[in-house]
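Here is the structure we will look at, set down as structure tokens.
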Amino acid sequence: MSHCHTPVVQPGASDLLPKLETPELLARVEELIRRYPVPRSALLPVLWLAQEALGWLPQEAIKWAAQKCQVSPVHAYGVSTFYTMYKKEPTGRFFVQICQNVACHILGAEPVIAHAEKVLGISSDGGTTSDNLFTLLRVECLGACGNGPVLQINDDFATDIVDGKLAMPVGVGLNAERFDRIVAWCRDRAKSLSKEPNRDSLGGLFHTAGHPGATGATNQVQKAYSPVPPALGVAASRTDDGKVKLTWRVAPEVTALHIEKKSGEEFTVVASLSGKDKEWLDEAPQGTEYRVVTETVLGRAKASSPATAPAAKGA
Ligand code: FES
């Protein structure tokens, strides 16, 4: 955000750590880091978790993410400033981003932005209403150009309210009237949110670590926002008694494994095992191809790369 407001007061580590070092958040960080060969690869999602927990990314939170991912604080800061989705200052509960890019511009974004500024009484360079409900920001392409002009409110696209929900019906772009409906919907929603814990001085659209179904989030619960980890290092060898031995490595969250064997042009499942199994034996000629498909509670991964049965020992 390119705000030109008074400098942001940076909370200290003692304010932030109780919100970041919760058992849930630490478990999620650990799980993210485990997915990659080196901890630094998890920096983007770990920064995102910190932002979810706090509503924005204070400098101490960036340092915390850096320490978890074993990178220098300045490296993490550079990453966080490169991506505009990381917020360097608190926003209102409803963070309204209106696209001003080419397609939306041609389809009438400017009059809508002008209307939004007037209705909310704030500027579109990141202004926040005095009741802390709305922050308004003009942004570049949101990737929904066919429905322009569009806005994003927290994590959701919206061009209208349909059946009491934020919606983006195909071909229905934003206009002043629809913008007003969206604002009225937000105000209405804020009334029901008032029974929930208030955001504290640190800001925070989300009160808990649960993205994206956390209290106050406007979006729908997603089952997952990361793919099921596939089996790695799938290899086929021969045992002393001539059987094909298939081995692999999987992530701890894998609950089941399916062994696929090629017959003709197709791979078909020939065995289903537990996620704890580490090998499987078969009788098959040289050149037989196998793949392993992992499964977690979230679904199935893509099949692994194929492994080919070698010749029998001494053959
Ligand atoms: S130009 Fe507005 S969403 Fe792409």
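The values are calculated or read from the model by the stated rules, or taken from the named source; none is laboratory data. Keep in mind it's a predicted model, so treat the numbers as computed, not measured. A quick note on method: Cβ atoms are made from the backbone with ideal geometry, for glycine too, and the neighbour counts reach across all protein chains shown.
Tabulated data
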{"quantity": "Flag for Val292 being surrounded by 12 or more Cβ atoms within 10 Å (Cβ to Cβ), among the hydrophobic types (A, V, I, L, M, F, W, C), outside any loop (DSSP other than H, G, I, E, B) and free of Cβ contacts under 8 Å to residues at least 24 places away in the same chain", "calculated": "no"}
{"quantity": "Top-ranked residue of the range 67-96 - restricted to ones that are within 16 Å of the ligand (Cβ to nearest atom) and surrounded by fewer than 23 Cβ atoms within 10 Å (Cβ to Cβ), ranked as farthest from the chain's Cα centre (by Cα)", "calculated": "Thr84"}
{"quantity": "Checklist (1) surrounded by fewer than 16 Cβ atoms within 10 Å (Cβ to Cβ); (2) away from the ligand (no atom under 14 Å from the Cβ) applied to Gly146, failing item", "calculated": "(2)"}
{"quantity": "Unique match (being touching a residue at least 60 places away in the same chain (Cβ under 8 Å) and part of a helix (DSSP H, G or I)) among Glu31, Glu60, Glu89", "calculated": "Glu31"}
{"quantity": "Residue count for the range 133-191, restricted to those that are under 16 Å from Val102 (Cα atoms) and small (Gly, Ala, Ser)", "calculated": "5"}
{"quantity": "The range 132-147 residues that are within 19 Å of Leu107 (Cα to Cα) and in a loop (DSSP other than H, G, I, E, B), paired with ones that are within 14 Å of the ligand (Cβ to nearest atom) and aliphatic (A, V, I, L, M) (beta carbon under 7 Å, 6 or more apart)", "calculated": "Leu142/Val150; Ala144/Val150; Ala144/Met168"}
{"quantity": "Answer residue from the range 149-169, given it is within 15 Å of the ligand (Cβ to nearest atom) and in a strand (DSSP E or B) and is modelled with the highest pLDDT among those", "calculated": "Leu151"}
{"quantity": "Check on Gly173, crowded, with 20+ Cβ neighbours inside 10 Å and touching a His at 6+ places or on another chain (Cβ under 8 Å)", "calculated": "no"}
